[in-house]
Amino acid sequence: MPALFNAGTFILQNTACMQALIDIKNVHLSYDTDDGNLKVLNGFDMSVPEGGFVAVVGPSGCGKSTLTRLIAGLMKPDSGEVWLHGEQVTSPRATVGMAFQNPVLLEWRSIIKNIMLPLEIVPTKLTRAQQEERARYLLSLVGLEGFEDKRPSELSGGMRQRASLCRALIHQPDVLILDEPFGALDAFTREDLWQTMHEVKSREPFTCVMITHDLRESIYLADQVVVMSGRPARTQYVLDMPVTGARSIETLYTPEAAEMLKTLRHEIEVAQGRVPATSAAG
Amino acid sequence: MSLRKILIPTLAIVIFLVLWEALVWVNDWPNYKMASPSDLVPAFKQYWQLFLTMGWQTLWRTVVGLLIAIVVGTLLGMIMGFSKTMREALYPLLVGFNAIPKATVVPIVALMFVGAHDFNTILIAFMISFFPIAVSISIGLSTLEPEYRDILRALGASKATIFWKIALPKTLPEFFGALKVAVTLAFIGTNLMEIVSPHGRGLGALFDSGKTNSDYPLMFAVLIALAFLGIVLYYVVVVLERIFAGWAEREAT
């Protein structure tokens, strides 16, 4: 079975033959807390090719959000390197877009003004009219046509998350970082947003890293699923999906998908320390 | 809708005045025990020029004191909101300062700056009213969810940009809530100075002269004038709130 989806291949081996847009090499990071030094990342490696979509899963508190902050340049590793587009990341950069579980829309702005917020920070060549045109295009892409002048408080949770996605993409970032973007939504709304995500991904040229707790979400959306070990985290397991890019929701209900979920489920249990790593999956 | 908004409060005021009149009439109180609304009309008629000049003195000094309180309160709130160390350092000091009854500060200030009546009055109005503003701004800033900062910080925005675009507008509803409290406090401050250390200016001084001359209706008339000014200033704040933080208002359901 593993041969089917090339399970267990560490991406580090692949980087030589692929142009990696995001390259994380042997990153160590620890926090100073009241209870002393807390080691979060312990030699974490990850590499995402240009246009790729990687989902990162792992047990709670294993440092997944720390990872997004490292890629965004909001934090620096103690040792190791984070590379974006062939440049080492040492500070935030305008080529990154972020969206979180909390959509954090600004209540005092209309939806379209919320979406155009990054363009007030990032230098842009677009004229005011072109900016608005792009905002409207993104809104229509996520199915929020006609909501331009509404306030965030007038939108449902799923719609707010869609708007948040538009804001993360308005400045045409190279990298989209999603930190459990659909975690607070109900199951049906979440599946709707998965479809939207595929739609958006096929039209916009970004490379995506998504943190998630939902294994089904990870195998439905991503080209590759990275399992982080328990804290201090390193790369424990990498699953390459047999199908990449946009796919039908039916693929989630195949025996192959069930097998992949089982494997991931097992890896999470290993990461949680509930089962020994030696016992083979499947 | 807007007619209703004016009619209901007006009606409430009229009912209040009628009840007040009835209370005095039923108990047959002389006006040195409690003046009735009908006693106030002659007092206002007789002294209307004094009410205008002194009311203006009270009003402008209150507003200036309040404006200084807004500036200083906002700055203090920003310092405490952004720095945990400063918050821990300043909070006990501020709470202690706020706990001192300002009536006891009035004679001290009056002695410190002898003769600087306007300055002293403004100072007391400021001292009594900056506290709620500082606290509300500091709480508003320190409870800002980190994601709000991160969406701009991830794009390389400066701290100042994040403050102007997100932190400041987001704290406006709390700020206006505090400002409504501060407005009435500032009036108390101005009048404390005018009454405790009278210098012939402001409605407080008019109140004091009513006391010296046993003109009880005049004293009550001053109270009503103060209440009127307080209501006016309060609604000025309400209008400003509508303009700048109207987004925080939810539609009534």
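Can you give me the number of residues within segment B:132-156 that are more than 14 Å from chain A (Cβ to nearest Cβ), hydroxyl-bearing (Ser, Thr, Tyr) and surrounded by fewer than 18 Cβ atoms within 10 Å (Cβ to Cβ)? Explain how you work it out, then say what you get.
The initial filter retains those residues of segment B:132-156 that are more than 14 Å from chain A (Cβ to nearest Cβ), namely B:132-139, B:141-142.
Still in the running and hydroxyl-bearing (Ser, Thr, Tyr): B:136, B:138, B:142.
Filter once more, keeping what is surrounded by fewer than 18 Cβ atoms within 10 Å (Cβ to Cβ): B:142.
Selection size over segment B:132-156: 1.
To keep it simple, each residue is scored yes or no on (1) closer than 24 Å to B:ALA167 by Cβ; (2) part of a loop (DSSP other than H, G, I, E, B).
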{"position": "A:TRP108", "(1), (2)": "yes, yes"}
{"position": "A:GLN130", "(1), (2)": "no, no"}
{"position": "A:GLU145", "(1), (2)": "no, yes"}
{"position": "A:ARG162", "(1), (2)": "no, no"}
{"position": "A:ARG167", "(1), (2)": "yes, no"}
{"position": "A:HIS198", "(1), (2)": "no, no"}
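Take the conditions of a type in the set (A, V, I, L, M) and open to solvent by 60 Å² or more (accessible area, probe 1.4 Å) and apply them to B:VAL24. Does it pass?
On the way: of a type in the set (A, V, I, L, M): yes; open to solvent by 60 Å² or more (accessible area, probe 1.4 Å): no.
Against the criterion (of a type in the set (A, V, I, L, M) and open to solvent by 60 Å² or more (accessible area, probe 1.4 Å)), B:VAL24 does not qualify.
I'd like to check something: does segment B:55-75 contain any residue that is over 30 Å from B:LEU206 (Cβ atoms) and either buried (at least 19 other Cβ atoms within 10 Å of the Cβ) or of a type in the set (S, T, N, Q) (or both)?
Start the filter on segment B:55-75 by keeping residues that are over 30 Å from B:LEU206 (Cβ atoms), which leaves B:74-75.
Okay, now just the ones that are also either buried (at least 19 other Cβ atoms within 10 Å of the Cβ) or of a type in the set (S, T, N, Q) (or both), so B:74.
Yes, segment B:55-75 contains at least one residue that is over 30 Å from B:LEU206 (Cβ atoms) and either buried (at least 19 other Cβ atoms within 10 Å of the Cβ) or of a type in the set (S, T, N, Q) (or both).
Each row is one residue, and each column tells you yes or no for (1) free of Cβ contacts under 8 Å to residues at least 24 places away in the same chain; (2) not in a loop (DSSP other than H, G, I, E, B).
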{"residue": "A:GLY183", "(1), (2)": "no, no"}
{"residue": "A:ARG190", "(1), (2)": "no, yes"}
{"residue": "A:SER218", "(1), (2)": "no, yes"}
{"residue": "A:PRO242", "(1), (2)": "no, no"}
{"residue": "A:THR251", "(1), (2)": "no, yes"}
{"residue": "A:LEU261", "(1), (2)": "no, yes"}
{"residue": "A:HIS266", "(1), (2)": "yes, yes"}
{"residue": "A:VAL270", "(1), (2)": "no, yes"}
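Taking the conditions exactly as written (more than 24 Å from A:GLU217 (Cα to Cα), modelled with pLDDT under 90 and part of a helix (DSSP H, G or I)), does A:ALA3 satisfy them or not?
On the way: more than 24 Å from A:GLU217 (Cα to Cα): no; modelled with pLDDT under 90: yes; part of a helix (DSSP H, G or I): yes.
Answer is no for this residue.
Which residue, of A:CYS166, A:CYS208, is buried (at least 23 other Cβ atoms within 10 Å of the Cβ) and more than 14 Å from chain B (Cβ to nearest Cβ)?
Numbers: A:CYS166 fails: more than 14 Å from chain B (Cβ to nearest Cβ).
A:CYS208 is the lone residue from the list that is buried (at least 23 other Cβ atoms within 10 Å of the Cβ) and more than 14 Å from chain B (Cβ to nearest Cβ).
Under 6 Å between Cβ atoms, at least 6 apart or on separate chains: pull out the pairs that start in segment A:101-124 with a residue that is on the phi > 0 side of the Ramachandran plot and end on any residue that is surrounded by fewer than 21 Cβ atoms within 10 Å (Cβ to Cβ).
Listed pairs, sorted by first residue: A:VAL104/B:GLU147; A:VAL104/B:TYR148.
Within segment A:151-162, can one find any residue that is over 17 Å from the mean Cα position of the chain (by Cα), within 12 Å of chain B (Cβ to nearest Cβ) and of a type in the set (S, T, N, Q)? Let's see the steps before the verdict.
Taking segment A:151-162 and keeping what is over 17 Å from the mean Cα position of the chain (by Cα), we get A:151-160.
When the remaining residues are screened for being within 12 Å of chain B (Cβ to nearest Cβ), the result is A:151-154.
Still in the list and also of a type in the set (S, T, N, Q): A:153.
Within segment A:151-162, one or more residues are over 17 Å from the mean Cα position of the chain (by Cα), within 12 Å of chain B (Cβ to nearest Cβ) and of a type in the set (S, T, N, Q).
Give B:LYS180, B:LYS159, B:LYS170, B:LYS165 a once-over and let me know the one that is closer than 30 Å to A:LEU176 by Cα, more than 10 Å from chain A (Cβ to nearest Cβ) and either without any contact (Cβ under 8 Å) to a residue 40 or more places away in the chain or open to solvent by 10 Å² or more (accessible area, probe 1.4 Å) (or both). Let's see the steps before the verdict.
Details: B:LYS180 fails: closer than 30 Å to A:LEU176 by Cα; B:LYS170 fails: more than 10 Å from chain A (Cβ to nearest Cβ); B:LYS165 fails: more than 10 Å from chain A (Cβ to nearest Cβ).
Selected residue: B:LYS159, the only one of B:LYS180, B:LYS159, B:LYS170, B:LYS165 that is closer than 30 Å to A:LEU176 by Cα, more than 10 Å from chain A (Cβ to nearest Cβ) and either without any contact (Cβ under 8 Å) to a residue 40 or more places away in the chain or open to solvent by 10 Å² or more (accessible area, probe 1.4 Å) (or both).
The values are calculated or read from the model by the stated rules, or taken from the named source; none is laboratory data. The structure presented is a predicted model; accordingly, all values stated were derived computationally and were not measured. Cβ coordinates were reconstructed from backbone atoms using ideal geometry, including for glycine residues, and neighbour counts include every protein chain displayed. All accessible areas refer to the heavy atoms of the entire protein, side chains included, with ligands and DNA or RNA removed. Shrake-Rupley method; radii C 1.70, N 1.55, O 1.52, S 1.80 Å.
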